[in-house]
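This is the structure I want to talk about, given as structure tokens.
The values are calculated or read from the model by the stated rules, or taken from the named source; none is laboratory data. Because the structure is predicted, anything quoted here is derived from the model rather than measured. Heads up, the Cβs are rebuilt from the backbone with ideal geometry, glycines too, and the neighbour counts pull from every protein chain shown.
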Amino acid sequence: MLLTLLVPLLALASATENWPQILVGGAVLVIVYALCLIGASIVIGPGRCPTCGTGLRWIQSLIEHLAVLIGAIVILRLQYFRRRTFWSRGIIAAGVVMYVLLQLPWGTAFALQQRLAPAARDAGDITIKFDPAADAAAMAPGRVVPLAGAARAARQLLGGDADAAAAYLHRRARADAEPVTFELPVHIDGVPSDAILIVDRSEIRLLAADGRILYDATNPTDTAGLTIAHGAQASHQTIELPAGIYRQWGESAARLEITYWLTLFKQSTTFSMAATSGDLRTPELGRCQSQLKSDISEINLRCRQQGLGPSCYVVTLVAADGKRDPDSPDCSPNYRPFAALWSAPLTYYGMDLQVHDATEFVQYPIPPSQFAQSHLLVTTYRVGEHFTRSFATPALHLADWNAQPR
């Protein structure tokens with residue numbers, strides 16, 4: 001509170017004469033910040049903030065807090081020792097602009113995170129490669145590509161996500177920017193059985209036959225296009241290309257180069273609790289309660305933990321006779337080693353575990369009659385090794401991979 005709120009507020013107060021000036025000055029700074037954010041999002045695009053939407057965002061946030069503190073100390077020194085109000089106000093205005101524009105490069109942030117991670121050598125055998133023989137049924141299970149529309153863009157802007165809203169405006173402004181999606185089959189191998197592989201960021205480059213770069217895009221965690229991996233499995237990399245690029249090169253021979261920045265989560269502990277009306281208290285999970293929904297379609301797991309909760313865990317329904325429903329992972333990469341500034345004292349988390357389909361379109365191994373005797377296995381995973389992997393495809397025609405306009 002002292003370092004991140006009181007000292008900056010004291011610096012702002014020292015550069016004003018009374019409460020009306022503080023209120024007006026604060027409102028002006030908010031407007032300047034919003035304009036800079038929207039302008040940078042439109043001009044620079046999603047690359048404005050390389051760490052946003054990834055587990056490395058905490059490094060940028062920490063640097064921002066330190067920069068604000070240092071700026072506040074400089075302003076206080078100017079005001080109390082030299083009475084340089086004009087310079088102090090200039091520093092405040094420039095600081096707001098730099099707060100938006102100065103972002104830590106992705107490579108630097110990832111290198112810092114690697115240095116902070118525990119030493120491990122579990123990722124040496126992990127490979128990701130293009131696999132044209134992969135079964136189409138393996139297409140990114142559980143992955144949902146968000147729809148792009150005006151309503152969603154408005155909600156994102158109101159929620160503070162100016163980058164996503166700007167991307168929508170770019171597509172509306174240019175008819176040839178509307179994305180076309182297709183699925184590139186890949187095979188992931190070498191992931192230890194007690195680990196989960198998470199994609200922090202992906203970079204996709206489309207190259208012509210002569211090596212020219214036709215398209216280059218980076219995607220953070222939530223849009224990286226590759227599902228989390230557990231063990232050896234076939235999957236599909238979801239790729240979006242602007243419609244203009246696809247129309248121009250979809251029928252021509254081109255290569256794709258994909259680079260992944262990855263994190264390996266290692267299994268930590270496993271806990272068991274009743275599937276219906278369960279109550280579990282542990283230092284690792286906090287207090288968790290389970291309840292069967294009235295229509296028996298899902299089991300609601302709700303937990304609250306003092307401080308940081310687990311950033312990655314898997315929940316599995318297990319019957320008394322040993323039958324198991326498919327694993328349900330919930331991984332939201334956040335590699336912050338301490339509680340966030342301004343964070344609430346309690347972390348609330350949980351999931352809705354699908355266990356029954358009334359239409360019987362989806363068949364689950366455990367019937368509803370066994371829910372009362374079943375239990376939930378909750379397995380937590382800790383952050384392990386950070387590393388990169390890349391692969392390139394041979395010359396191919398994008399039109400052969402079932403591209404569908406969104």
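Please verify whether the range 53-71 includes one or more residues that are modelled with pLDDT of 90 or more, more than 26 Å from the chain's Cα centre (by Cα), assigned to a helix (DSSP H, G or I) and surrounded by fewer than 17 Cβ atoms within 10 Å (Cβ to Cβ).
yes
Here's something else I'd like to know. I need the full set of residues from the range 194-220 which are under 17 Å from T393 (Cα atoms), out of contact with any Asp or Glu (no Cβ under 8 Å at 6 or more places or on another chain) and touching a residue at least 40 places away in the same chain (Cβ under 8 Å), in order please.
From the range 194-220, those under 17 Å from T393 (Cα atoms) are 202-217; that's our starting set.
So of that shortlist, the ones also out of contact with any Asp or Glu (no Cβ under 8 Å at 6 or more places or on another chain) come out as 202, 208-215.
Selection gives S202, A208, A209, L214.
Further question on the same structure: Is there a residue being closer than 30 Å to R115 by Cα and in contact with a Pro (Cβ under 9 Å, 6 or more places away or on another chain) anywhere in the range 334-342?
Within the range 334-342 (the criterion being closer than 30 Å to R115 by Cα and in contact with a Pro (Cβ under 9 Å, 6 or more places away or on another chain)), the answer is yes, since at least one residue qualifies.
In the list L256, L285, which residue meets the criterion of being modelled with pLDDT of 90 or more, assigned by TED's automatic domain parsing to the domain that holds L197, crowded, with 19+ Cβ neighbours inside 10 Å and over 20 Å from the mean Cα position of the chain (by Cα)? Full working, then the answer.
Working: L285 fails: assigned by TED's automatic domain parsing to the domain that holds L197.
Matching residue, one of L256, L285: L256.
Note down all Cβ pairs under 6 Å where the first residue falls in the range 1-21 and is free of Cβ contacts under 8 Å to residues at least 12 places away in the same chain and in the same structural domain as S61 (by TED's automatic domain parsing), the second is in a helix (DSSP H, G or I) and not aliphatic (A, V, I, L, M), and they're at least six residues apart or on different chains.
As it stands, the answer is T16/G25, since those pairs meet every condition given.
Within the range 288-313, track down each residue that is part of a strand (DSSP E or B), at pLDDT 90 or above and surrounded by fewer than 18 Cβ atoms within 10 Å (Cβ to Cβ).
Hits for the range 288-313 are Q289, Q291, E298, N300, R302, R304.
Is at least one residue of the range 55-72 closer than 20 Å to N334 by Cβ and touching a Cys at 6+ places or on another chain (Cβ under 9 Å)?
Yes, the range 55-72 has at least one match.
Another question, then. Which of (1) surrounded by 14 or more Cβ atoms within 10 Å (Cβ to Cβ); (2) assigned to a strand (DSSP E or B) is the odd one out, the single condition Y335 does not satisfy?
Unmet for Y335, out of (1) surrounded by 14 or more Cβ atoms within 10 Å (Cβ to Cβ); (2) assigned to a strand (DSSP E or B): (2).
Take the residues in the range 168-202 that are among the small types (G, A, S) and under 20 Å from T259 (Cα atoms), then tell me which one is modelled with the lowest pLDDT.
G190
Considering only residues that are within 17 Å of T221 (Cβ to Cβ), in a loop (DSSP other than H, G, I, E, B) and modelled with pLDDT of 90 or more, which ones fall in the range 94-117?
Answer for the range 94-117, where residues must be within 17 Å of T221 (Cβ to Cβ), in a loop (DSSP other than H, G, I, E, B) and modelled with pLDDT of 90 or more: Q103, L104.
I would also like to ask the following. I want to confirm something. Restricting to the range 1-17 and keeping residues that are outside any helix (DSSP H, G or I) and over 34 Å from the mean Cα position of the chain (by Cα), which single residue is surrounded by the most Cβ atoms within 10 Å (Cβ to Cβ)?
The selected residue is A15.
Would you tally the residues in the range 259-278 being surrounded by 15 or more Cβ atoms within 10 Å (Cβ to Cβ) and without any contact (Cβ under 8 Å) to a residue 40 or more places away in the chain?
Qualifying residue count, the range 259-278: 0.
Of these, A217, A165, A140, A120, which one is assigned to a loop (DSSP other than H, G, I, E, B), under 23 Å from the mean Cα position of the chain (by Cα) and either at pLDDT below 65 or among the hydrophobic types (A, V, I, L, M, F, W, C) (or both)?
Of A217, A165, A140, A120, the one residue that is assigned to a loop (DSSP other than H, G, I, E, B), under 23 Å from the mean Cα position of the chain (by Cα) and either at pLDDT below 65 or among the hydrophobic types (A, V, I, L, M, F, W, C) (or both) is A140.
Separate question: Name the single residue that is farthest from N219 (Cα to Cα) among those in the range 58-93 being of a type in the set (K, R) and touching a helix residue (DSSP H, G or I) at 6+ places or on another chain (Cβ under 9 Å). Even if it seems obvious, please write down each step before you answer.
Narrowing the range 58-93 to residues of a type in the set (K, R): 77, 82-84, 89.
Next, from what is left, pick out any that are touching a helix residue (DSSP H, G or I) at 6+ places or on another chain (Cβ under 9 Å): 84, 89.
Details: R84: 44, R89: 37 Å.
Here the residue is R84.
Considering the range 19-34 alone, what residues qualify as being within 14 Å of V97 (Cβ to Cβ) and either over 34 Å from the mean Cα position of the chain (by Cα) or loosely packed, with under 13 Cβ neighbours inside 10 Å (or both)?
Of everything in the range 19-34, those that are within 14 Å of V97 (Cβ to Cβ) and either over 34 Å from the mean Cα position of the chain (by Cα) or loosely packed, with under 13 Cβ neighbours inside 10 Å (or both) turn out to be V30, I31.
Which condition does Q103 not pass, out of (1) over 27 Å from P333 (Cβ atoms); (2) under 23 Å from the mean Cα position of the chain (by Cα); (3) in contact (Cβ under 8 Å) with a residue 24 or more places away in the chain, if it passes all the others?
With (1) over 27 Å from P333 (Cβ atoms); (2) under 23 Å from the mean Cα position of the chain (by Cα); (3) in contact (Cβ under 8 Å) with a residue 24 or more places away in the chain applied to Q103, the lone miss is (1).
Kindly evaluate W106 against the criterion of being farther than 30 Å from E17 by Cα, aromatic (F, W, Y) and surrounded by 12 or more Cβ atoms within 10 Å (Cβ to Cβ).
For W106, the condition - farther than 30 Å from E17 by Cα, aromatic (F, W, Y) and surrounded by 12 or more Cβ atoms within 10 Å (Cβ to Cβ) - is met.
Tally up the residues in the range 245-287 that are closer than 25 Å to R324 by Cα and part of a strand (DSSP E or B), please.
18
Does Y381 fit the bill of being over 29 Å from V191 (Cβ atoms), in the same structural domain as L280 (by TED's automatic domain parsing) and in a strand (DSSP E or B)?
no
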